[in-house]
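Heads up, the thing below is written out as structure tokens.
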Amino acid sequence: MILLDTSQTAIISAGSFESSPVGLGKSGTLEAITIQGGWGESDITFVAAISDGGTYLPVYDANGNRVTIRNPKGNQFISLNSRVTRGIRFFKLVSERVQGADRHIVLHVSSSI
């Protein structure tokens, strides 16, 4: 097994609260995110689907808690629990509040081939 580390960027457009869909492929696991400067105060949650055009549903952990990044700040690297994000094929990041400008969030993904 070879582990590859890659990054993608999710964008929450100005005036919006949700990113466009992000595909991780069959073996990708979201490990961390980097929030760029200027992030408006807002929690981040996730919605996920089994296909790009599928129905996106909120992501919960095994204890029934909604997966939430509480009050992140700009210019932060945030490590995620990969046991929670493993198996997600398509997802969107959801800001609790509408963002005043385009927000670029770098997604750090590991893949095994």
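The values are calculated or read from the model by the stated rules, or taken from the named source; none is laboratory data. Computed from a predicted model, the values in this text were never measured in an experiment. With ideal geometry, Cβ positions are generated from the backbone for all residues, glycine too; neighbour counts draw on all protein chains shown.
Restricting the search to the stretch 76-113, which residues are part of a loop (DSSP other than H, G, I, E, B) and in contact with a Lys or Arg (Cβ under 9 Å, 6 or more places away or on another chain)? Can you show your working first?
At the first step, the residues of the stretch 76-113 found to be part of a loop (DSSP other than H, G, I, E, B) are 80-81, 86-89, 96-102, 113.
Hit for the stretch 76-113 is 89, nothing else.
Tell me which residues, restricted to the stretch 22-62, are surrounded by fewer than 18 Cβ atoms within 10 Å (Cβ to Cβ), touching a His at 6+ places or on another chain (Cβ under 8 Å) and over 15 Å from residue 111 (Cα atoms).
Matches in the stretch 22-62: 34, 36.
Does the stretch 74-89 include one or more residues that are of a type in the set (Phe, Trp, Tyr), under 18 Å from residue 6 (Cα atoms), at pLDDT 90 or above and touching a Pro at 6+ places or on another chain (Cβ under 8 Å)?
no
Just to verify a result, which residue in the stretch 22-45, among those that are of a type in the set (Gly, Ala, Ser) and part of a loop (DSSP other than H, G, I, E, B), is nearest to residue 70 (Cα to Cα)?
Start the filter on the stretch 22-45 by keeping residues that are of a type in the set (Gly, Ala, Ser), which leaves 23, 25, 27-28, 32, 37-38, 40, 42.
Of the ones still in play, those that are also part of a loop (DSSP other than H, G, I, E, B) are 25, 27, 37-38, 40, 42.
Working: 25: 27, 27: 27, 37: 16, 38: 16, 40: 12, 42: 8 Å.
Ranking the candidates gives 42 first.
Within the group 78, 88, which residue is among the hydrophobic types (A, V, I, L, M, F, W, C) and within 20 Å of residue 38 (Cβ to Cβ)?
78
Quick one: what pairs do we get from the stretch 20-32, first residue closer than 22 Å to residue 102 by Cβ and touching a residue at least 12 places away in the same chain (Cβ under 8 Å), second of a type in the set (Asp, Glu) and part of a loop (DSSP other than H, G, I, E, B), C-beta under 6 Å, 6+ apart or different chains?
Correct list of pairs: 21/52.
Testing residue 112 on (1) more than 16 Å from residue 10 (Cα to Cα); (2) touching a Pro at 6+ places or on another chain (Cβ under 8 Å), one condition comes back false. Which one is that?
Looking at each condition in turn, residue 112 falls short on (2).
Specify which of the listed residues (24, 80, 30, 93) is in contact with a helix residue (DSSP H, G or I) (Cβ under 7 Å, 6 or more places away or on another chain) and among the hydrophobic types (A, V, I, L, M, F, W, C).
Working: 24 fails: in contact with a helix residue (DSSP H, G or I) (Cβ under 7 Å, 6 or more places away or on another chain); 80 fails: in contact with a helix residue (DSSP H, G or I) (Cβ under 7 Å, 6 or more places away or on another chain); 93 fails: in contact with a helix residue (DSSP H, G or I) (Cβ under 7 Å, 6 or more places away or on another chain).
Selected residue: 30, the only one of 24, 80, 30, 93 that is in contact with a helix residue (DSSP H, G or I) (Cβ under 7 Å, 6 or more places away or on another chain) and among the hydrophobic types (A, V, I, L, M, F, W, C).
Tell me, please, whether a residue that is modelled with pLDDT under 90, in a loop (DSSP other than H, G, I, E, B), surrounded by 18 or more Cβ atoms within 10 Å (Cβ to Cβ) and in contact with a Lys or Arg (Cβ under 8 Å, 6 or more places away or on another chain) can be found in the stretch 13-21.
no
Would a scan of the stretch 101-112 turn up a residue that is touching a residue at least 40 places away in the same chain (Cβ under 8 Å), within 16 Å of residue 29 (Cβ to Cβ), among the hydrophobic types (A, V, I, L, M, F, W, C) and exposed (fewer than 12 other Cβ atoms within 10 Å of the Cβ)?
No; the residues of the stretch 101-112 include none that is touching a residue at least 40 places away in the same chain (Cβ under 8 Å), within 16 Å of residue 29 (Cβ to Cβ), among the hydrophobic types (A, V, I, L, M, F, W, C) and exposed (fewer than 12 other Cβ atoms within 10 Å of the Cβ).
Within the stretch 90-106, which residues are at pLDDT below 95, of a type in the set (A, V, I, L, M) and within 11 Å of the chain's Cα centre (by Cα)?
Result: 105, 106.
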